[in-house]
């Protein structure tokens, strides 16, 4: 049950902060560059914010090795970009559902590894 609670917390808080607020605000700031370039810039910056937000947890759980930092940032940037495009094309609800689903799947895989 804890897996579902963590997934719901992550999907609601992170999607509201990184997609609804950060992505929208960054796009508003860079809208003068044009719609396409503004979207690209806002997706990259909000995905980086999303990835950096996961770094403290990874450092606490796994340690501060350079490879852990790189892997955490790279993999979460990929997830952030995917969730951004789901938010842009399908809306906040579907980005939350996809985020929760990925969290649940990754946590179940992590439990099976241990």
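How far is helix 92-113 tilted off the main Cα axis of the chain, in degrees rounded to 10, range 0 to 90?
20 degrees
For the chain, take the longest principal axis of its alpha carbons; what is the angle in degrees between that and the long axis of helix 2-14, to the nearest 10 within 0 to 90?
20 degrees
How do 65, 54 rank when sorted from fewest to most other Cβ atoms within 10 Å of their own Cβ? Please list the in-between numbers first.
Details: 65 10, 54 18.
Neighbour counts put them in this order, fewest first: 65, 54.
Figure the gain on full extension for residue 88 and residue 12 (residue separation times 0.36 nm, minus the Cα-Cα span) and round it to one decimal in nm.
Numbers: separation 76, 0.36 × 76 = 27.36 nm, distance 1.63 nm.
Here the answer is 25.7 nm.
Sorting 71, 66, 19 on the 10 Å Cβ count, fewest up front, what's the list? Show your work: numbers first, answer last.
Numbers: 71 13, 66 7, 19 25.
Least to most surrounded, the residues fall as 66, 71, 19.
Just subtract the alpha-carbon distance of residue 57 and residue 70 from 0.36 nm times their residue separation and send over the number in nm, one decimal. Write out the running numbers ahead of the final one.
Numbers: separation 13, 0.36 × 13 = 4.68 nm, distance 1.37 nm.
Answer, rounded to one decimal: 3.3 nm.
To the nearest 10 degrees, how steeply does helix 35-61 sit against the main Cα axis of the chain, on a 0 to 90 scale?
Tilt of helix 35-61: around 20 degrees.
Counting other beta carbons within 10 Å of each residue's own, what order do 102, 47 fall into, fewest first? Please list the in-between numbers first.
Numbers: 102 16, 47 23.
Ranked by crowding around the Cβ, least crowded first: 102, 47.
Give me the percent relative contact order of the stretch 16-71, please, defined on Cα pairs under 8 angstrom at least 6 residues apart. Mind dumping the intermediate values first?
Working: 30 pairs, mean separation 16.6, N = 56.
So the answer I get is 30 percent.
All of the numbers you see were taken from the coordinates with simple rules; none came from a lab. Treat the numbers as computed from the prediction; the structure is a model and nothing was measured. For neighbour counting, all protein chains shown are included, and Cβ atoms are generated from backbone atoms with ideal geometry for every residue, glycine included.
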